[in-house]
């Protein structure tokens, strides 16, 4: 992949490339969801009470090595989704877009799939993940990660905690994009650096100002530190805003040509390695935020330049499209199916086979969720009937919702100005 911009000039990209499709970012999104999958299968403690092991390996050395190797990957995958959400919404956003239409599409993207998995969790985890209305009701409305109690923030379907952050991002985006658009090109890098510093500041506050007891059942820090440093939606805004700023940097032609995909992948490897030496809480975001922040623009520039990659193949784009479903169902597949095994562990071949079975179950269930719930809901409810009838009366298709008509899975993506963009976070095609 070349380091030159769409104009062919090394060291920058041309203005006005926001109409370009980004299929490689769609394909890359599946790998982020896959990192989260392997993280979930490696856990020594399930987030669902009574917190029994998920890790399938009987040999302590193998089990520990598997968990250690994958501990950072889940955090990296989620952070990738949050940065990508900000990037693609800004990439496809245009002045004058309607806030209400944007919010309608975002709600339609989030809630149908969430409600289906919520209902499945209600049945499968009855008596474990749910004990009171106060625990499941916040989850129903996707505000549960605002609560510090683990029984609420990780209630029902544990992976859905990230949807609380995505909901906050979507609510604030029409307001955030205004000052981001008005920033001078020269100021963008400074603000991007401030967002990176913000992710470090969150962990400093967690270390020195948040109580370190009682200890968490699933992490080496306290419940409150884990909540504040990882689950609490406002602390994840730094990643989302960073993604928005990076999109502006690329669109302004300010991205350096040397920061190409190869360079980004080297940084990702360094960030992954850093996760083994920094204090645990810094693996959430701080260790990998710069590598992620370089990788996403580098891949976007490759797509915007019209260069095809293996990530933009039909198979990879499909996998990227179903990645939201693949992510959401991991709680009701991995955690639930593992709970039926009474803590049984296996040798290496048996453990690998079990993980492969979990992968197949998650992919099939995620594809069903995408094609059977997510896409039909988007076709039916993402636009008001009045707008659709008005457009039909003029003899043309309904205009895309404005404000950041972010890329939707399977729909071909966002419009920016008349050309669809085919990428986004797990929810922008939808986060995660």
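The values are calculated or read from the model by the stated rules, or taken from the named source; none is laboratory data. Please read all numbers here as calculations on a predicted model, not as lab measurements. Here the Cβ is made from the backbone with ideal geometry for all residues, glycine too, and neighbour counts use every protein chain on show.
Out of 283, 235, which single residue is closer than 27 Å to residue 66 by Cα, in contact with a helix residue (DSSP H, G or I) (Cβ under 7 Å, 6 or more places away or on another chain) and surrounded by 19 or more Cβ atoms within 10 Å (Cβ to Cβ)?
Of the residues listed, the single one that is closer than 27 Å to residue 66 by Cα, in contact with a helix residue (DSSP H, G or I) (Cβ under 7 Å, 6 or more places away or on another chain) and surrounded by 19 or more Cβ atoms within 10 Å (Cβ to Cβ) is 283.
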Is there a residue being surrounded by 21 or more Cβ atoms within 10 Å (Cβ to Cβ) and at pLDDT 95 or above anywhere in region 3-17?
no
All but one of (1) assigned to a loop (DSSP other than H, G, I, E, B); (2) in contact with a helix residue (DSSP H, G or I) (Cβ under 7 Å, 6 or more places away or on another chain); (3) over 30 Å from residue 50 (Cα atoms) hold for residue 220; state the number of the condition that does not hold.
(3)
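Just to be sure before I move on: is residue 117 more than 30 Å from residue 246 (Cβ to Cβ), out of contact with any strand residue (DSSP E or B) (no Cβ under 7 Å at 6 or more places or on another chain) and buried (at least 20 other Cβ atoms within 10 Å of the Cβ) in the structure I sent?
Working: more than 30 Å from residue 246 (Cβ to Cβ): yes; out of contact with any strand residue (DSSP E or B) (no Cβ under 7 Å at 6 or more places or on another chain): yes; buried (at least 20 other Cβ atoms within 10 Å of the Cβ): yes.
Yes: the conditions hold for residue 117.
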When residues of region 215-238 are limited to those that are modelled with pLDDT under 95 and over 11 Å from residue 150 (Cα atoms), the one nearest to the chain's Cα centre (by Cα)
219
For region 53-82, name all the residues that are more than 24 Å from residue 25 (Cα to Cα) and in contact with a helix residue (DSSP H, G or I) (Cβ under 7 Å, 6 or more places away or on another chain).
54, 55, 56, 57, 62, 66, 67
Residue 210 being under 21 Å from the mean Cα position of the chain (by Cα), over 27 Å from residue 103 (Cα atoms) and at pLDDT 95 or above
no
Only one of (1) under 19 Å from the mean Cα position of the chain (by Cα); (2) closer than 30 Å to residue 203 by Cα is not met by residue 66, so which one is it?
(1)
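Residues 45, 55: which one is closer than 28 Å to residue 274 by Cβ, outside any helix (DSSP H, G or I) and modelled with pLDDT of 95 or more?
On the way: 45 fails: modelled with pLDDT of 95 or more.
After applying the criteria, what remains is 55.
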Against the condition at pLDDT 95 or above, touching a helix residue (DSSP H, G or I) at 6+ places or on another chain (Cβ under 9 Å) and within 17 Å of residue 251 (Cα to Cα), how does residue 85 come out, does it pass?
yes
So residue 173 fits all but one of (1) modelled with pLDDT of 95 or more; (2) surrounded by fewer than 24 Cβ atoms within 10 Å (Cβ to Cβ); what number is the exception?
(2)
